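Just below is one structure, and these are the notes that go with it.
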């Protein structure tokens with residue numbers, strides 16, 4: 001199978017199910033942003049050395065592939081023909097968040113991303129996740145989107161934030177809190 005098909009040379013692409021749409025269609029924006037998120041999580045995974053976190057991030061990337069497939073399916077396509085996200089996938093994220101938070105000091109202000117490249121990549125992944133959530137909500141205004149898609153992305157952004165804080169501790173870098181300058 002060749003990587004190039006030439007079928008998108010005029011700005012159209014196919015959804016799962018065969019329907020052709022413009023490459024800037026809201027559905028393409030939604031699952032394209034999930035694809036960006038998968039790649040950004042790969043950067044986080046490559047920049048840290050905890051095997052447990054590596055396994056978690058691989059599981060998340062797998063779940064995002066499923067989520068992307070759900071978003072890439074034409075609204076008339078039978079979603080039973082592709083894998084599904086389940087409530088336990090969200091519960092799993094919540095459990096990981098709770099485990100991380102047990103090790104972290106309470107947060108009393110906003111955090112300025114940075115301190116280490118891997119921490120910054122984690123924040124980048126978090127912001128892409130939020131954009132993915134926004135694109136999925138935007139799509140839901142014109143076409144049905146399974147609620148679990150939006151719920152998973154919302155919880156994943158929380159996971160990525162808490163992971164960034166855990167990585168800050170693990171990598172022994174300083175977490176810089178935002179202190180607004182109210183002077184003029």
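Which residues, counting only those in segment 91-108, are outside any loop (DSSP other than H, G, I, E, B) and under 15 Å from residue 162 (Cα atoms)?
Selection gives 92, 93, 94, 95, 96, 97, 98, 99, 100, 101, 102, 103.
Looking at (1) touching a residue at least 24 places away in the same chain (Cβ under 8 Å); (2) surrounded by fewer than 16 Cβ atoms within 10 Å (Cβ to Cβ); (3) over 17 Å from residue 45 (Cα atoms), can you tell me which one residue 98 breaks?
Only one criterion in (1) touching a residue at least 24 places away in the same chain (Cβ under 8 Å); (2) surrounded by fewer than 16 Cβ atoms within 10 Å (Cβ to Cβ); (3) over 17 Å from residue 45 (Cα atoms) is unmet by residue 98, namely (1).
Results for (1) within 20 Å of the chain's Cα centre (by Cα); (2) at pLDDT 95 or above, shown as yes or no for each residue.
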| residue | (1), (2) |
| --- | --- |
| 77 | no, no |
| 89 | yes, yes |
| 97 | yes, yes |
| 104 | no, yes |
| 154 | yes, yes |
| 160 | yes, yes |
| 166 | yes, yes |
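Restricting attention to segment 26-82, which residues are in contact with a strand residue (DSSP E or B) (Cβ under 8 Å, 6 or more places away or on another chain), in a helix (DSSP H, G or I) and within 18 Å of residue 132 (Cβ to Cβ)?
27, 28, 69, 72
Do we find that residue 109 is more than 16 Å from residue 126 (Cα to Cα), out of contact with any strand residue (DSSP E or B) (no Cβ under 7 Å at 6 or more places or on another chain), in contact (Cβ under 8 Å) with a residue 24 or more places away in the chain and surrounded by fewer than 18 Cβ atoms within 10 Å (Cβ to Cβ) in this structure?
no
Applying the selection to segment 39-54, what residues are over 14 Å from residue 126 (Cβ atoms), surrounded by 14 or more Cβ atoms within 10 Å (Cβ to Cβ) and touching a residue at least 24 places away in the same chain (Cβ under 8 Å)?
The answer is 47, 48, 53.
Table: residues versus (1) under 20 Å from the mean Cα position of the chain (by Cα); (2) surrounded by 12 or more Cβ atoms within 10 Å (Cβ to Cβ); (3) modelled with pLDDT of 95 or more; (4) more than 21 Å from residue 137 (Cβ to Cβ).
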| site | (1), (2), (3), (4) |
| --- | --- |
| 8 | no, yes, no, yes |
| 34 | yes, yes, yes, no |
| 56 | yes, yes, yes, yes |
| 86 | yes, yes, yes, no |
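Please specify each residue of segment 1-24 satisfying the condition of being in contact with a strand residue (DSSP E or B) (Cβ under 9 Å, 6 or more places away or on another chain), closer than 19 Å to residue 82 by Cβ and either touching a residue at least 12 places away in the same chain (Cβ under 8 Å) or part of a loop (DSSP other than H, G, I, E, B) (or both).
13, 15, 16, 17
What is the residue count in segment 138-152 for residues that are under 14 Å from the mean Cα position of the chain (by Cα), farther than 9 Å from residue 30 by Cβ and either free of Cβ contacts under 8 Å to residues at least 60 places away in the same chain or buried (at least 23 other Cβ atoms within 10 Å of the Cβ) (or both)?
Qualifying residue count, segment 138-152: 2.
The values are calculated or read from the model by the stated rules, or taken from the named source; none is laboratory data. A quick note: this is a predicted structure, and the numbers were derived from the prediction, not measured. Glycine also receives a Cβ, built like all others from the backbone with ideal geometry; neighbour counts cover every protein chain displayed.
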